[in-house]
Amino acid sequence: MNPRRILIVEDDQIQNDVLANFLRKDGDEVVSAYSLKEAEVLFAPDIALVVLDVMLPDGNGIDFLRSIRRISNVPVIMLTALDDDYTKIQTFDLKADEYVDKPVSPQVMTRRIHAFLDRIYGTRQETCLFGFRFDFQKYMVTDEAGLEIKMTRKEMDIIRFLMDNHGQIVSRDSLITNLWGCDYESEERAIDTHIKNIRKKLHPELILTVKGVGYRLNM
């Protein structure tokens, strides 16, 4: 599956660039606009999602939303510090899909965007993390040079399950139940062995241990 192309329209260059970098790290393709004029030039039919600030230096994001809706039903997430019902009602009347109040951390916004896109387009079969590209359809991992890292099917299943939990802590029992089934009788140490091998092959901090609780993916 090709990377999903996201247009971020935000005049605060630091906020725009930080969010863009988080999304690119996870395998998305991002184009950034810092003004209404730039957004109008960069908007294209292959855009999968628009993150749109309301207040822009050369105009109003609501006007851009209005122009988008004349030609496209692309999902649009409004992003603004304006906390008034009138603005929110305007955006929803123009078929905005979601409204996010600032400030919001780039980590939270990235997760929100991915969850939203997965609902709209389906879960991605490919993603990037720690410089590695994971293709869960082919059960393949490649490094930044495009070289394949040999992984077992179970190792890939563990990574995918942790990834689907979006960095939340997952217990050993949950891993065993979901990946081996309730009748799996081997000791929990089997999980530790698989995760040790994943860390050795990829990165020692890819999967973090939460002592006495379980594991989480370092996303």
query = What does the charge count near residue 71 come to, summing +1 for each Lys or Arg and -1 for each Asp or Glu among other residues with Cβ under 15 Å from its Cβ?
reply = +1
request  = Provide 86, 121 in ascending order of the number of other Cβ atoms located within 10 Å of each residue's Cβ, fewest first.
outcome  = 86, 121
message = Rounded, prolate or oblate for segment 5-121? Axes are the square roots of the Cα gyration tensor eigenvalues, ordered a ≥ b ≥ c, and the cut-off for rounded is a/c under 1.5.
response = rounded
note = Neighbour-count ranking for 194, 203 (other C-beta within 10 angstrom, fewest to most) reads 203, 194
ask   = Counting alpha carbon pairs within less than 8 Å and at least 6 residues apart, what relative contact order, in whole percent, applies to the chain?
value = 14 percent
query = 222 nm [θ] for the chain, helices only, -39500 (n - 2.57) per DSSP H run of 4+, per residue, to 500?
reply = -12500 deg cm²/dmol
ask   = Lys pairs in the chain, Cα-Cα under 22 Å, at least 8 apart or on separate chains: how many?
value = 18
key: Nearest-ten-degree value, helix 153-164 long axis tilted from longest Cα axis of the chain   = 40 degrees
message = On C-alpha positions alone, give me the angle between the axis of helix 61-71 and the longest principal axis of the chain, in degrees, nearest 10.
response = 80 degrees
key: Estimated inter-spin distance, residue 200 and residue 150, nm [label 7 Å along Cα→Cβ]   = 1.3 nm
request  = Using +1 at the Cβ of each Lys and Arg and -1 at the Cβ of each Asp and Glu in segment 1-125, identify which of 18, 115, 32 lies farthest towards the dipole's positive end.
outcome  = 115
request  = Would you mind checking the tilt of helix 189-201 against the longest principal axis of the Cα atoms of the chain, expressed as 0 to 90 degrees and rounded to 10?
outcome  = 60 degrees
query = Can you list the equivalent-ellipsoid semi-axes of segment 152-217, largest first and in whole Å, using the square root of 5 times each Cα gyration tensor eigenvalue?
reply = 17, 13, 12
key: Label-point gap, in nm, between residue 139 and residue 95 - each point 7 angstrom along Cα→Cβ   = 4.2 nm
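Every read-out reported here was derived from the displayed coordinates using simple, explicitly stated rules and does not represent laboratory data. Computed from a prediction, not measured in an experiment: that's the story for all the values here. Glycine gets a Cβ as well: all are built from the backbone with ideal geometry, and neighbour counts include every protein chain shown.
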